[in-house]
Amino acid sequence: MPIPSSAGGPANRSARRWAIVLLLLGIFILGAVAIVLTGSRWHIPSAAKKLKNPVPATEEAVDNGMFNYMKHCQSCHGKDGDGNGPRAANLSVKPSNFTDTEAMGERTDGELFWQITHGRSPMPPFEGKLTDQDRWELVDYLRSLAKPASK
């Protein structure tokens with residue numbers, strides 16, 4: 001049975017087109033939000049979280065970690081480790097703030113080591129670029145950034 005001409009008029013077709021456009025736009029926005037939220041979380045294996053740092057946080061280890069931090073991490077995470085390096089504003093994910101004692105207290109050394117080792121866009125992996133020793137020393141250095149200021 002044919003549709004009456006009044007139901008398929010130009011105004012009704014225009015309204016349906018706009019409804020479809022708005023629906024597609026809404027789906028796109030929800031998808032983009034889901035991608036951003038998923039990309040902002042690290043998925044670290046539980047075994048990695050349990051790893052213990054085999055490198056004691058000696059002055060030498062922290063200094064070596066600082067050297068590698070300045071060379072590989074400072075441009076995004078900032079000179080002071082606050083997540084506000086010169087490249088931070090151009091990244092799709094805000095770099096971690098290593099000076100946040102509460103947030104750093106929630107992370108294990110194994111988690112930090114795993115994150116440095118494997119990376120996650122936009123952060124590159126450092127396995128193969130830095131030795132295990134270098135990466136553990138970086139963890140020691142990052143821990144030194146989160147220490148509360150002396151009173």
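Read the figures in this text as sums done on the coordinates, not as results from a lab. In this text, all values refer to a predicted model and were calculated from it rather than measured experimentally. In this analysis, Cβ positions are derived from the backbone assuming ideal geometry, glycine residues included, and neighbour counts consider all displayed protein chains.
Keeping to the range 129-151, report how many residues are farther than 16 Å from G65 by Cα and either touching a residue at least 40 places away in the same chain (Cβ under 8 Å) or not aliphatic (A, V, I, L, M) (or both).
3
Can you tell me which residue is farthest from the chain's Cα centre (by Cα) among those in the range 64-83 that are in a helix (DSSP H, G or I) and touching a residue at least 24 places away in the same chain (Cβ under 8 Å)?
The qualifying residue farthest from the chain's Cα centre (by Cα) is N64.
Give the residue, chosen from L91, L112, that is touching a residue at least 24 places away in the same chain (Cβ under 8 Å), more than 22 Å from E59 (Cβ to Cβ) and aliphatic (A, V, I, L, M).
L91
Say whether the condition of being at positive phi and surrounded by fewer than 17 Cβ atoms within 10 Å (Cβ to Cβ) is met by at least one residue in the range 92-113.
no
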